[in-house]
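Where a number appears in this text, it was derived from the coordinates with a stated rule and is not lab data. Source: prediction; values computed, not measured. Cβ sites come from the backbone with ideal geometry, for glycine too, and all protein chains shown count toward neighbours.
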Amino acid sequence: MKNSSRRGFMGKAFGAVAGVGAVASLYAMKKSWDPLPSVKAAGFTTLDMSAYKDNELVTEKWRGKPIFVLKYTPEMIASMTEKQKGRSIKIGDSYYLVNLGLCTHLGCIPGYNPDEKSFLCACHGGQYDFSGDVTKAPPPRGLDIPPFKIDGMKLVLGEEGPEYKKMKESGVTL
């Protein structure tokens with residue numbers, strides 16, 4: 001009689017230890033699959049749009065990529081076509097270019113000419129207007145617009161807001 005009660009106790013104790021070990025293993029596996037906190041933090045970048053000056057290109061960084069931010073001058077806004085307005089982001093009373101700073105042809109970084117209000121990719125001579133739309137080939141499309149969400153006078157890169165979704169649906173960006 002003593003052996004069976006001891007055997008039952010040992011079986012239950014082994015089962016409990018195995019159960020705790022299984023739960024701990026599953027927890028460790030799940031934790032290893034989750035992105036690191038530093039990776040999660042790198043996914044979003046918040047830009048204060050009130051800090052930018054007219055016709056002055058600023059290069060920010062998001063997920064290790066250059067982001068071009070350009071606040072349009074009143075003259076640029078007055079001369080905008082509907083296509084250029086569709087590629088621009090309006091925050092408050094101002095319009096902005098916010099694009100990945102990589103040429104859509106081969107990934108070079110185009111330079112901005114503030115006098116001509118245009119971008120030139122020196123690798124193969126591709127040109128873009130101030131809204132990031134192609135004006136001279138070989139780039140196959142305009143500069144890509146990163147996912148964004150407008151939050152007052154701030155722009156949150158990495159989060160898809162309604163304005164971005166509208167641009168994506170209309171084919172302005174990928």
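From the helices alone, meaning DSSP H stretches of at least four residues, give me the mean residue ellipticity at 222 nm for the chain, per-run term -39500 (n - 2.57), in deg cm²/dmol to the nearest 500.
Numbers: 5 runs with 58 residues, N = 174.
Counting only the DSSP helices, I get -10000 deg cm²/dmol.
Please compare each pair in 83/149; 71/165; 61/136; 65/168; 117/149; 61/154 to a cut-off of 24 Å on the Cα-Cα distance and tell me which ones are over it.
Numbers: 83/149 21 Å; 71/165 22 Å; 61/136 26 Å; 65/168 20 Å; 117/149 26 Å; 61/154 15 Å.
In this structure, 61/136; 117/149 lie more than 24 Å apart at Cα.
Could you give the spread of the C-alpha atoms of region 1-127 along their three principal axes, from largest to smallest, in whole angstroms?
Here the spans come out as 97, 36, 24 Å, largest first.
Compute the distance in nm between two label points, each set 7 Å from the Cα along the Cα-to-Cβ direction, one at residue 24 and one at residue 65.
4.3
Could you work out how far apart the two model spin labels at residue 46 and residue 58 are, taking each label as a point 7 Å from the Cα in the direction of the beta carbon, and quote it in nm?
Rounded to a tenth, the inter-label distance reads 1.5 nm.
Can you spot the lysines whose alpha carbon is less than 20 Å from residue 30's alpha carbon? Ignore those fewer than 8 places along the same chain.
40
Applying the Karplus parametrisation 6.51 cos²θ - 1.76 cosθ + 1.60 with θ = phi - 60° to the phi angles of region 67-74, what ³J(HN,Hα) value in whole Hz is obtained for each residue in order, glycine and proline being reported as x?
10, 8, 10, 9, 8, 6, 7, x
What is the set of long-range amide H partners of residue 103 at a cut-off below 5 Å, with H atoms built 1.01 Å from backbone N?
Close amide H contacts, sequence-distant or interchain: 108, 109.
Could you bin all the Cα-Cα distances of region 79-174 into 10 Å bins starting at 0 and give me the percent of pairs in each, rounded to whole numbers?
For region 79-174, the pair-distance distribution reads 16, 48, 31, 4.
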